[in-house]
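The values are calculated or read from the model by the stated rules, or taken from the named source; none is laboratory data. These numbers come from a predicted model, not from an experiment. Every residue, glycine among them, receives a Cβ derived from its backbone with ideal geometry; neighbour counts consider all protein chains shown. The area values use the complete protein model at the heavy-atom level, side chains included, leaving out ligands, DNA and RNA. Shrake-Rupley method; radii C 1.70, N 1.55, O 1.52, S 1.80 Å.
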Amino acid sequence: MLQTEIIDSTSQAAAEVSTFKYLSLEDFIDKITNSMVTFAINLAIAVLVFYVGKFVINRLYRLVSGMMNRRNVDTTLTTFVLSMIRIVLYFILIVTVIGILGIETSSFLALFASAGVAIGMALSGTLQNFAAGVLIMLLKPYKVGDFIEAQGYAGTVKEIQIFHTVINTGDNKSITIPNGMLSTSSINNASREKYRRVDWDVAISYGDNIDTARRSILEILGSDPRITETLTEYGQEAVVFVKSLADSSVILTVRAWVRSADYWGVFFDMNERMYNELPKAGINFPFPQMDVHLKQPTA
């Protein structure tokens with residue numbers, strides 16, 4: 001069909017050229033002038049339509065955004081839908097402007113479809129990212145605001161676009177990860193569950209009383225409302241047990257449950273409190289040591 005249209009256009013152009021041979025100079029100039037005026041008018045209309053369409057697209061974008069925000073639509077879905085709306089509407093606007101300029105849109109669309117197949121084969125990874133973005137929206141392994149670890153990066157999800165996901169690391173670096181890589185790899189989502197378990201390994205000296213150490217640690221944990229409130233809600237008690245007998249120390253493992261948002265705050269605070277308060281209960285933190293026995297040589 002595209003080949004037939006090209007042949008028809010060529011024949012029409014040839015016919016116009018043959019017509020120009022029989023025109024007088026005045027008629028030729030008049031025809032050229034009319035064509036230029038028509039093109040200038042169409043160009044002005046096309047520019048006007050483009051800017052009006054751009055204004056309408058921006059207003060529609062803000063309208064849909066405000067509507068979804070007022071209805072408390074999930075931020076992940078909002079970002080994805082708005083990105084899709086903008087791309088589709090701009091494509092329609094460009095096709096409309098091309099039609100106003102007098103370019104045959106059917107030929108353009110056919111050419112675009114043919115080019116789309118070639119581009120699609122060349123950009124198969126991009127299409128994979130788009131399909132992965134749709135799957136992420138449907139399955140929701142993570143959402144905007146979640147703290148995730150994936151592809152060697154850890155950070156808070158800032159945006160989920162149609163081709164990629166943007167996360168912000170703890171030191172506020174913006175990392176862009178293709179959706180295709182996220183959909184086919186393991187994702188550690190630290191925000192999906194309401195509660196998380198915090199683990200500490202505490203080394204005490206050989207000879208220290210383990211029951212005293214356990215009691216002191218549980219008292220420290222029990223004085224923090226972030227842990228006691230979780231105990232009331234979730235029903236998981238803090239525990240202390242002997243993990244291993246190391247070369248220079250006895251290793252105690254301490255476990256407590258907190259809300260996911262409180263994880264790092266509790267972790268760092270308890271590290272400091274155990275360091276400051278356990279020695280007051282007679283619990284010592286040993287340094288690595290080695291016993292060396294010297295023997296006098298026998299005569």
Sticking with the crude label model, points 7 Å out along Cα→Cβ, report the distance from residue 285 to residue 158 in nm, one decimal please.
3.6 nm
Separation between Cα centres of region 148-219 and region 254-299, rounded to whole Å
23 Å
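For region 193-237, with every protein chain kept in place, what is the accessible area per residue (1.4 Å probe, Å²)?
Heavy-atom SASA per residue in region 193-237 reads 59 Å².
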Against the rule of thumb 2.2 N^0.38 Å, how large the Cα Rg of region 131-239 comes out
1.50
Reach of residue 158 by Cα under 24 Å, taken over lysines that are not fewer than 8 positions away in the same chain:
140, 143, 173, 194
Of the accessible area of region 148-262, computed with a 1.4 Å probe and all protein chains kept, carbon and sulfur make up a percent value of 46 percent
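Could you work out the relative contact order of region 145-299? I mean the mean sequence separation of Cα pairs under 8 Å and 6+ apart, divided by the number of residues, in percent.
Relative CO of region 145-299 lands at 22 percent.
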Cα gyration tensor of region 49-97, axes a ≥ b ≥ c as square roots of the eigenvalues: rounded (a/c below 1.5), prolate (a/b > b/c) or oblate?
oblate
By how many nm would the segment from residue 70 to residue 264 lengthen if fully extended, with 0.36 nm per residue of separation less the alpha-carbon distance?
66.6 nm
In order over region 215-223: 3J(HN,Hα) from phi, Karplus 6.51/-1.76/1.60, θ = phi - 60°, whole Hz, x for each Gly or Pro, gives 4, 5, 5, 5, 5, 4, 5, x, 8
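If I take R0 = 41 Å and measure r between the Cβ atoms of residue 271 and residue 86 in this structure, what FRET efficiency does the formula 1/(1 + (r/R0)^6) give, to the nearest 0.05?
Computed FRET efficiency for residue 271 and residue 86: 0.30.
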Starting from 0.36 nm per residue, how many nanometres of slack lie between residue 77 and residue 44 once their C-alpha separation is accounted for?
8.1 nm
Mind listing the long-range amide H neighbours of residue 284? Cut-off is under 5 Å, sequence gap 5 or more, other chains count too, H placed in the peptide plane at 1.01 Å from N.
205
Per its Cα gyration tensor (rounded if a/c is under 1.5, else prolate when a/b beats b/c, else oblate), region 163-299 is best filed as oblate
